[in-house]
Amino acid sequence: MTLALVVFLPFFGALLAPLFAQAGRTAIAIASSVPAVVALSALFPLWGDLAAGHVLVQTHSWLPSLGLSLSFRLDGLSLLFALLILIIGILIIIYARYYLKPGENIGKFYGLLLMFMGAMLGIVMSSNLLLMLVFWELTSLISFLLISFWNHKQDARRGARMALAVTGGGGLALLAGVLLIGHIVGSFELDAIFAAGDTVRDSTLYQVVLTLVLLGAFTKSAQFPFHFWLPHAMQAPTPVSAYLHSATMVKAGVFLLARLYPVLAGTDQWFYMVSFTGMVTLLLGAYIALFKHDMKGLLAYSTVSNLGLITLLFGMNTDLAAIAAVFHVINHATFKASLFMAAGIIDHETGTRDMRKINGLWQFMPHTATLAMVAAASMAGVPLLNGFLSKEMFFAESLEIALPGVWAYLPPLIATLAGAFAVAYSARFVHDVFFNGKPIDLPIYPPNEPPRYMKIPVEILVVACVMVGIFPTFSIGPLLNSAAAATLAGPVPDFKLAIIHGLNLPLLMSFLAFFGGLLMYTQRQKFFDFHARFREIDEKAVFEAAVVRIVNLSRHFIRGLENGSLQRYGLLLLVTAEVVALWPILNLGASVGSAGLSPIDVPTAVGGLILILCAVMAAVMHRERLYSLLLLSVVGLMVSLTFARFSAPDLALTQLSVEVVTIVLLMLALYYLPSWTPLETRRRRRWRDLLVALAAGGGMTLITLAILTHPGDSISRFYVDNSKLLAGGNNIVNVILVDFRGFDTLGEITVLAIAALGIFAMLRQVRLTPPPGDGQGNTWTRDAHPTMLKEIARPLLPLALMVSAYILLRGHNLPGGGFIAGLITGVALILQYIANGIEWTQQRMPVRYQPMIALGVLTAALTGAGSIAYGYPFLTSSFGHFSLPLIGEFELASAMVFDIGVYLTVVGATMLTLVSLGHLSLKINADTEGT
Amino acid sequence: MEIVIALVIGSLTGSGVYLVLRARTFPVVVGLTLLSYGVNLFLFATGRLLTGAQPILGSTDQYTDPLPQALVLTAIVIGFAMTAFVVVLALRAQIDNSDDHVDGKTNTSESQEPGDEHS
């Protein structure tokens, strides 16, 4: 519980801190430091246990099915990092109070800063790799927001985007790596993974895992070739840079190396990939740092270089090197945080960070200058400061790398060279800024010492540098020991933290680096001239250009696919379906299966021929819309006959009545649409469509033939056996609809209702002038309501209604039911509208169809719900036999009530659709009469 | 018999697909209707083609498969609802755009391609 609390406290703080924004900068700084201080004090009592070599793991289950748990651990390594994150975090909070100007959005700043602190604590204290990954991604996201804190600046936005793209991409690689580790080990818990170190290293996937995990670590820790995002992240406010780029964000990558050191390290692949990346980064960063005129730019590249050093140390595969790496993490965090803060103070007081302008500040701010100089000396590796100690260890370890032959000289050489560069850029930072003549064109002149308390965080860190430098064993020894034990996950070899180990080779290297670096600085003009011969690459421009290229590429791709033409989409969809279906159809082999063909009888053959002819002609004559429609109606009729022929009376009845309604509907629509389709597609295109159509038709023919001629089992036995037994009905189709699959039917009538209401809504506000003729020179007939039709239609209505009532009631046992009866009623009513006109009919039959639809759906739903009242599942039906005098015995089933619901919905939906369409002309007539 | 039904389904599908690919709304609606006839017949046919075997208990000795029939029955009604919706949508598009092209307007990028001749 304690550990989870430590991690989540800053997040709570992030929620609360912005509330203090109104109360001023001091109030919010105090409020923000409270969670950090509480977290820090919660960690202290645990130190005793840790020093004794215990590891604290606290697990709460979260998503056990995914192997994700809220599992936190505290060992030496996580404690070391947690202390850095919290202590430097508190110092940053104090510092930012003076750095930020009164008008700025301090609530957002402190909220994000605390969230970032929490996310970092989460990374270092997670005992579950998946959990760690969640926090890892959080730091990427929050750092994006922090870097772009001044989001009115384009550079800040671009720098933030670049950081997010690089670290986010690395995070994805890491996710893959972590998932693979989980796959190999079978758990994401660190303890299990540590125990399975050999399994992971021996796995065939090891190389993949290593590459993916290193991608994550190297992008986060700005290792070559991913180093370019870090200098551009310097667009962030200086407190953010000081925090992210000294103690936290970039250290997450090296933390990962340390955390997984017992699992992944010790192999040749690890050695080559990690140490060479580190070596290149170390040298490159140190070299470029020398040429940066921007103070923060110099510090940024120095950070890159130092991260390279730490990476190189981890890559060496020796225990002592790993210890030196952990040690340098601490030292770099302290001196770099203080240097960033000093740079921020100078920026704050002079208005610029350009070292060509800032000169001779010693006269103006001797206090700040002293602090910065001590920190810079530590960065250069001057004795009696902490930077010197870890660098000496590094030099010593560089001599131990066993490369074959003459290559053995390479690591010490590079180490010394990088050391010399470090001395040179540190000398430049000190000399250029505080001495070297007078300031030139400072925006703020004369510069003053900053407010007293702004220097306190710097002072504390500088004191730490000195303390560690002079009394290493006393000040940092136990913590380092404990962290080393956790990193190595085993016994810690003897190592001595002494100021001077005697006169030996590493000392000589330090000596060479120091004086070589000073010499380099005095001869800097030659280096500058040399460097100026190379065109400097602006990574941001390259990155932006790459982003633009990718965006253009995808836009081009999308435009190619998605040009806004429904016609094109339809084609793509159909062709895709055909391509997908092609392989299975080819695989069928002979289409006629073992069940063989049944003989063809004449009526069926003739009917089929008519159907095929009409279907093809409907397509061929599609430009003559009315003919096409008439042919369509013949097709529909033939389909219903086919149903009748092959033992489906219910389907035949349904199809027949739907056919009538559909054709009436399409006729009504055609009244308003052009009656003739212009020929507008190119010949080539028509041939292509024909080909697609033939492929579809041919494919369906083959598939149908294959299905019909292969013997197959049906699951319908159940329905045949239980229709009477369980549902009390003889008409199995109807029983399936209203009973066994009643829930489906309920959904279906709901869709029907929605479609009808949608049509009603679409046509409600529409005003339309009916065309004067059919578009081909013919005018409409004046005889809108022929007398014969009128006279026959009226007496037909009660007869039709009686038939539909009969069909509805008998549906359970004989062909019929709600759907068919509803459609028959619909057809009968439509006939009245057609024969007598919409006004005449509505005067005599003032029915509103929306309530009828609602009533129908509700009836069906409530019938279903009724069974719940009796303790049965939704839509369980019951039936019983009753007898009445005169009528005799008859059967009643609750499913019948359900069917009445279906009936009402079908009638309502059909009528609403057609009447909405019919009303269009009515409105116009009313309008023209009114005017 | 199987061949006849297979050819019927094939020609319904082919005609439907060809019409669905047309540029104007009304042929597309007709095409969709043809296509849904084809699909309904296909689903129905998966229950095998038996004559005089209607799935009504007590009426015959042998019953055809009732399940595809139940599926197709609702499919017919839903198909009607869909046709109605689409045709009204087409009508509405015609009213709003004064054009019955499926893409909303006649001159799309397709017909603007160089070398395109309107016949």
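The values are calculated or read from the model by the stated rules, or taken from the named source; none is laboratory data. Here the structure is a predicted model, which is why all the values come from computation and not from measurement. When we count neighbours, we look across all protein chains shown, and the Cβ atoms used for this are built from the backbone with ideal geometry, even at glycine.
Only one of A:Val592, A:Val616, A:Val575 is touching a residue at least 60 places away in the same chain (Cβ under 8 Å), touching a Ser or Thr at 6+ places or on another chain (Cβ under 6 Å), of a type outside the set (Gly, Ala, Ser) and within 26 Å of B:Val17 (Cβ to Cβ); which?
Answer to the selection: A:Val592.
Search the stretch A:50-68 for residues that are in contact (Cβ under 8 Å) with a residue 12 or more places away in the chain and among the hydrophobic types (A, V, I, L, M, F, W, C) and pair each with any residue that is surrounded by 10 or more Cβ atoms within 10 Å (Cβ to Cβ) and assigned to a loop (DSSP other than H, G, I, E, B) when their beta-carbon atoms are under 6 Å apart and the residues are at least 6 apart or on different chains.
So the pair list comes out as A:Val55/A:Asp75; A:Val57/A:Ser127.
In the stretch A:239-287, how many are aliphatic (A, V, I, L, M) and under 16 Å from A:Val209 (Cβ atoms)? First the steps, then the outcome.
Filtering the stretch A:239-287 down to residues aliphatic (A, V, I, L, M) leaves A:240, A:242, A:244, A:247, A:249-250, A:252, A:254, A:256-258, A:260, A:263-265, A:273-274, A:279-280, A:282-284, A:286.
Subsequent filtering for residues that are under 16 Å from A:Val209 (Cβ atoms) retains A:256-257, A:260, A:263-265, A:273-274.
Summing the residues that are aliphatic (A, V, I, L, M) and under 16 Å from A:Val209 (Cβ atoms) in the stretch A:239-287 gives 8.
Of the residues A:Phe81, A:Phe72, A:Phe8, which single one is among the aromatic types (Phe, Trp, Tyr) and either in contact with a strand residue (DSSP E or B) (Cβ under 6 Å, 6 or more places away or on another chain) or exposed (fewer than 15 other Cβ atoms within 10 Å of the Cβ) (or both)?
Selected residue: A:Phe72, the only one of A:Phe81, A:Phe72, A:Phe8 that is among the aromatic types (Phe, Trp, Tyr) and either in contact with a strand residue (DSSP E or B) (Cβ under 6 Å, 6 or more places away or on another chain) or exposed (fewer than 15 other Cβ atoms within 10 Å of the Cβ) (or both).
Return the residues of the stretch A:848-871 that are at pLDDT below 85 and among the hydrophobic types (A, V, I, L, M, F, W, C); say none if nothing qualifies.
Correct list: A:Ala865, A:Ile868, A:Ala869.
For the stretch A:193-306, which helices (runs of 4 or more DSSP H) that fit wholly inside it have 3 or more residues that are touching a helix residue (DSSP H, G or I) at 6+ places or on another chain (Cβ under 7 Å) and small (Gly, Ala, Ser)?
A:249-259, A:276-289
Which number in (1) of a type in the set (S, T, N, Q); (2) part of a helix (DSSP H, G or I); (3) over 22 Å from A:Val616 (Cβ atoms) marks the one condition that B:Thr64 misses?
(2)
Please enumerate the residues belonging to the stretch B:30-49 that are within 8 Å of the chain's Cα centre (by Cα) and facing another protein chain (nearest Cβ under 7 Å).
Scanning the stretch B:30-49 gives B:Val30, B:Thr33, B:Leu34, B:Tyr37, B:Gly38.
Quick check, is A:Ala236 over 27 Å from the mean Cα position of the chain (by Cα), more than 22 Å from A:Ala483 (Cβ to Cβ) and not β-branched (Val, Ile, Thr)?
no
Is it true that some residue in the stretch A:395-412 is touching a residue at least 40 places away in the same chain (Cβ under 8 Å), in a loop (DSSP other than H, G, I, E, B) and closer than 25 Å to A:Ile346 by Cβ?
no
Among the residues of the stretch B:51-61, write down those that are in a loop (DSSP other than H, G, I, E, B) and either at pLDDT 85 or above or not charged (D, E, K, R) (or both).
B:Thr51, B:Gly52, B:Ala53, B:Gln54, B:Pro55, B:Leu57, B:Gly58, B:Ser59, B:Thr60
Just checking, does the stretch A:86-99 include any residue being in contact with a helix residue (DSSP H, G or I) (Cβ under 9 Å, 6 or more places away or on another chain), assigned to a strand (DSSP E or B), touching a residue at least 12 places away in the same chain (Cβ under 8 Å) and of a type in the set (A, V, I, L, M, F, W, C)?
Checked the stretch A:86-99: no residue is in contact with a helix residue (DSSP H, G or I) (Cβ under 9 Å, 6 or more places away or on another chain), assigned to a strand (DSSP E or B), touching a residue at least 12 places away in the same chain (Cβ under 8 Å) and of a type in the set (A, V, I, L, M, F, W, C).
Name the residues in the stretch B:21-50 that are over 18 Å from B:Leu73 (Cα atoms) and either charged (D, E, K, R) or modelled with pLDDT under 85 (or both), would you?
Within the stretch B:21-50, the first condition is being over 18 Å from B:Leu73 (Cα atoms), and the residues that meet it are B:21-31.
Across the stretch B:21-50, the qualifying residues are B:Arg22, B:Arg24.
Is it true that some residue in the stretch A:629-638 is over 22 Å from B:Ala6 (Cα atoms) and either without any contact (Cβ under 8 Å) to a residue 60 or more places away in the chain or touching a strand residue (DSSP E or B) at 6+ places or on another chain (Cβ under 7 Å) (or both)?
Yes, that holds for at least one residue.
Say whether the condition of being of a type in the set (Phe, Trp, Tyr) and surrounded by fewer than 20 Cβ atoms within 10 Å (Cβ to Cβ) is met by at least one residue in the stretch A:809-832.
Kept after step one, since they are of a type in the set (Phe, Trp, Tyr), are these residues of the stretch A:809-832: A:819.
Next, only the ones that are surrounded by fewer than 20 Cβ atoms within 10 Å (Cβ to Cβ) stay: none.
Scanning the stretch A:809-832, I find no residue that is of a type in the set (Phe, Trp, Tyr) and surrounded by fewer than 20 Cβ atoms within 10 Å (Cβ to Cβ), so the answer is no.
Starting from the stretch B:1-25, take each residue that is over 13 Å from B:Leu41 (Cα atoms) and at the interface with chain A (Cβ under 7 Å from one of its Cβ atoms) and list its partners that are part of a helix (DSSP H, G or I) and of a type in the set (D, E, K, R), counting only C-beta distances under 6 angstrom and pairs at least six apart or across chains.
Within 6 Å, the pairs are B:Tyr18/A:Asp689; B:Leu21/A:Asp689.
Is it true that some residue in the stretch A:456-467 is out of contact with any strand residue (DSSP E or B) (no Cβ under 6 Å at 6 or more places or on another chain) and assigned to a loop (DSSP other than H, G, I, E, B)? Can you show your working first?
From the stretch A:456-467, those out of contact with any strand residue (DSSP E or B) (no Cβ under 6 Å at 6 or more places or on another chain) are A:456-467; that's our starting set.
Then drop every residue that is not assigned to a loop (DSSP other than H, G, I, E, B), which leaves none.
Checked against the condition, which is being out of contact with any strand residue (DSSP E or B) (no Cβ under 6 Å at 6 or more places or on another chain) and assigned to a loop (DSSP other than H, G, I, E, B), the stretch A:456-467 yields no hits at all.
Any idea which residue in the stretch A:642-660 is farthest from B:Val87 (Cα to Cα), counting only those that are surrounded by fewer than 23 Cβ atoms within 10 Å (Cβ to Cβ) and among the aliphatic types (A, V, I, L, M)?
Step one: list which residues in the stretch A:642-660 are surrounded by fewer than 23 Cβ atoms within 10 Å (Cβ to Cβ), which gives A:644-645, A:649, A:652, A:656, A:660.
Subset that is among the aliphatic types (A, V, I, L, M): A:644, A:652, A:656, A:660.
Values: A:Ala644: 28, A:Ala652: 24, A:Leu656: 20, A:Val660: 16 Å.
Within the stretch A:642-660, the match that is farthest from B:Val87 (Cα to Cα) is A:Ala644.
Which residue, of A:Leu630, A:Leu637, A:Leu673, A:Leu708, is of a type in the set (A, V, I, L, M, F, W, C) and out of contact with any Asp or Glu (no Cβ under 9 Å at 6 or more places or on another chain)?
Values: A:Leu637 fails: out of contact with any Asp or Glu (no Cβ under 9 Å at 6 or more places or on another chain); A:Leu673 fails: out of contact with any Asp or Glu (no Cβ under 9 Å at 6 or more places or on another chain); A:Leu708 fails: out of contact with any Asp or Glu (no Cβ under 9 Å at 6 or more places or on another chain).
After ruling out the rest, the residue left standing is A:Leu630.
For the stretch B:50-100, which positions are at the interface with chain A (Cβ under 7 Å from one of its Cβ atoms), β-branched (Val, Ile, Thr) and farther than 30 Å from A:Ala669 by Cβ?
B:Thr51, B:Ile56, B:Thr64
Take residues that are more than 27 Å from A:Thr745 (Cβ to Cβ) and basic (Lys, Arg) and tell me which of the helices (runs of 4 or more DSSP H) falling wholly in the stretch A:784-903 contain 3 or more.
Numbers: elements: A:787-810, A:818-836, A:838-844, A:849-869.
Answer list for the stretch A:784-903: none.
In the stretch A:803-824, what count of residues is obtained for those that are out of contact with any Ser or Thr (no Cβ under 8 Å at 6 or more places or on another chain) and at the interface with another protein chain (Cβ under 8 Å from one of its Cβ atoms)?
3
In the stretch A:83-125, which residues are at pLDDT 95 or above and of a type in the set (S, T, N, Q)?
Listed by number, the list is empty, since nothing qualifies.
Cβ-Cβ distance below 6 Å, separation of 6 or more or different chains: which pairs start in the stretch A:554-572 with a residue that is within 7 Å of another protein chain (Cβ to nearest Cβ) and end on one that is part of a helix (DSSP H, G or I) and not acidic (Asp, Glu)?
From the stretch A:554-572, the pairs are A:Gly570/B:Val20.
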